[in-house]
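Enquirer: I am attaching a structure below and will ask some questions about it afterwards.
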Amino acid sequence: MAVVPHPPLLVPELAAGAAVETASLRDACLAAAGALAQQCPRWVAVAAVDPAAATGVAGSFAGYGADVDVGLCPKATAADRVELPLPLLIAGWLRGQVGAAHVSVAVWPVPPGSSTAQCRRIGTELAQQLRREGDPVGLLVLGDGAATHTLRAPGYLDSRAHQLDAAVADALAAVNPTALLDLDVALAGELLVAGREAWQVAAAAAQSLAPAYRGELLYSAAPYGVAYHVALWDAISPVSPT
């Protein structure tokens, strides 16, 4: 499982002057996606997006300032382009950047604003489907942290942001799904956390799929006042299909 953020500034054509400043974030995301591609020929992108908007296989960042095409599967072409949500555009971009031409990306949308209980259910359903299918699948979990870390952040400065994102970083580094499921839903909403739903769904799925994981936190910082976390979790002993 790879956990990555989904800001447009990951894409150099969109980052412009920030491309150099965000190089370490970009490198961490590419490292995580590259590791996932080496392990699994199929990804499932988990993101807080409207299910009705998560049905296409190709899109473009044209709406964000640069006509950069992306695809979620090997056969996707420009003729298949639709207005994909930003997390799925990033999923397609990462797939292309790591040379994963063999990888297909399915989408597991999480309705924005889902409660922790709903995220648990959605994550458990995801795990059940993956066990039924049996083939190796990599989870690409997309979401940003609090957007309230500085005065110039999208949500202005909120002193509570540091503690929340420190807890997320610690949970990802320690491979602690329970800590992610314990995140305060109301507080995450107030801090404009765009990853809470996806993280909780992934945490619930991880609990069902394997008893133990090894993990690594590749990046955790808040450039431009928004927190971004990049991590890899690898199952040590997967649960046998039932």
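Enquirer: Working carefully through the options Val98, Val49, Val105, find the one that is touching a Cys at 6+ places or on another chain (Cβ under 7 Å) and within 20 Å of Pro5 (Cα to Cα). It would help to see each step written out before you state the result.
Expert: Working: Val98 fails: touching a Cys at 6+ places or on another chain (Cβ under 7 Å); Val49 fails: touching a Cys at 6+ places or on another chain (Cβ under 7 Å).
Only one candidate qualifies: Val105.
Enquirer: Is it the case, given these coordinates, that Pro51 is touching a residue at least 24 places away in the same chain (Cβ under 8 Å) and either open to solvent by less than 40 Å² (accessible area, probe 1.4 Å) or touching an Asp or Glu at 6+ places or on another chain (Cβ under 8 Å) (or both)?
Expert: Details: touching a residue at least 24 places away in the same chain (Cβ under 8 Å): yes; either open to solvent by less than 40 Å² (accessible area, probe 1.4 Å) or touching an Asp or Glu at 6+ places or on another chain (Cβ under 8 Å) (or both): no.
Criteria not met by Pro51.
Enquirer: Same structure, new question: Over 15 Å from the mean Cα position of the chain (by Cα), within 17 Å of Leu36 (Cα to Cα) and in contact (Cβ under 8 Å) with a residue 24 or more places away in the chain, is that true of Ser104?
Expert: Values: over 15 Å from the mean Cα position of the chain (by Cα): yes; within 17 Å of Leu36 (Cα to Cα): yes; in contact (Cβ under 8 Å) with a residue 24 or more places away in the chain: yes.
Taking the combined requirement at face value, the residue satisfies it.
Enquirer: Sticking with this structure for a sec: Only residues that are assigned to a helix (DSSP H, G or I) and among the hydrophobic types (A, V, I, L, M, F, W, C): list them for segment 90-108, please. Break it down into steps so the answer makes sense when it comes.
Expert: Here is the first cut: in segment 90-108, the residues assigned to a helix (DSSP H, G or I) are 90-97.
Correct list: Ile90, Ala91, Trp93, Leu94.
Enquirer: Still on this model: Going by what's in this entry, would Gly123 be described as outside any helix (DSSP H, G or I) and in contact (Cβ under 8 Å) with a residue 60 or more places away in the chain? Steps first, please.
Expert: On the way: outside any helix (DSSP H, G or I): no; in contact (Cβ under 8 Å) with a residue 60 or more places away in the chain: yes.
Considered against the rule, which asks whether it is outside any helix (DSSP H, G or I) and in contact (Cβ under 8 Å) with a residue 60 or more places away in the chain, Gly123 comes out as no.
Enquirer: Out of all the residues in segment 184-222, which are free of Cβ contacts under 8 Å to residues at least 60 places away in the same chain and open to solvent by less than 10 Å² (accessible area, probe 1.4 Å)?
Expert: If the condition is that a residue be free of Cβ contacts under 8 Å to residues at least 60 places away in the same chain and open to solvent by less than 10 Å² (accessible area, probe 1.4 Å), then Ala188, Leu191, Ala210 are the ones that fit.
Enquirer: Still on this structure: Here's a check for you: in segment 62-101, which residue that is open to solvent by 20 Å² or more (accessible area, probe 1.4 Å) and of a type in the set (Val, Ile, Thr) is farthest from the chain's Cα centre (by Cα)?
Expert: Taking the candidates together, the pick is Thr77.
Enquirer: What is the number of the single condition among (1) loosely packed, with under 14 Cβ neighbours inside 10 Å; (2) aliphatic (A, V, I, L, M); (3) more than 18 Å from Val230 (Cβ to Cβ) that Ala174 does not meet?
Expert: (3)
Enquirer: Additional query: Within segment 45-76, track down each residue that is within 20 Å of Val11 (Cβ to Cβ) and of a type in the set (Val, Ile, Thr).
Expert: Of everything in segment 45-76, those that are within 20 Å of Val11 (Cβ to Cβ) and of a type in the set (Val, Ile, Thr) turn out to be Val49, Val57, Val68, Val70.
Enquirer: Among the listed residues Asp135, Asp158, Asp165, Asp144, identify the single one that is under 24 Å from Gln118 (Cβ atoms) and in a loop (DSSP other than H, G, I, E, B).
Expert: Working: Asp135 fails: under 24 Å from Gln118 (Cβ atoms); Asp158 fails: under 24 Å from Gln118 (Cβ atoms); Asp165 fails: in a loop (DSSP other than H, G, I, E, B).
Answer to the selection: Asp144.
Enquirer: Do you know which residues across segment 61-83 are part of a strand (DSSP E or B) and more than 18 Å from Val98 (Cα to Cα)? So that I can check it myself, show each step before the final result.
Expert: Here is the first cut: in segment 61-83, the ones part of a strand (DSSP E or B) are 69-71, 81.
Arg81 - this is the single residue of segment 61-83 that is part of a strand (DSSP E or B) and more than 18 Å from Val98 (Cα to Cα).
Enquirer: Could you name every one of the strands (runs of 3 or more DSSP E) located completely within segment 1-60 that has at least 2 residues being under 24 Å from Ala127 (Cβ atoms) and within 15 Å of the chain's Cα centre (by Cα)?
Expert: On the way: elements: 2-4, 42-47, 58-60.
It comes to 2-4, 42-47.
The values are calculated or read from the model by the stated rules, or taken from the named source; none is laboratory data. Computed from a predicted structure; not experimentally measured. Note that we place each Cβ from the backbone using ideal geometry, even for glycine, and neighbour counts take in every protein chain shown. Calculation scope for accessible area: heavy atoms of the full protein, side chains included, ligands and nucleic acids excluded. Shrake-Rupley method; radii C 1.70, N 1.55, O 1.52, S 1.80 Å.
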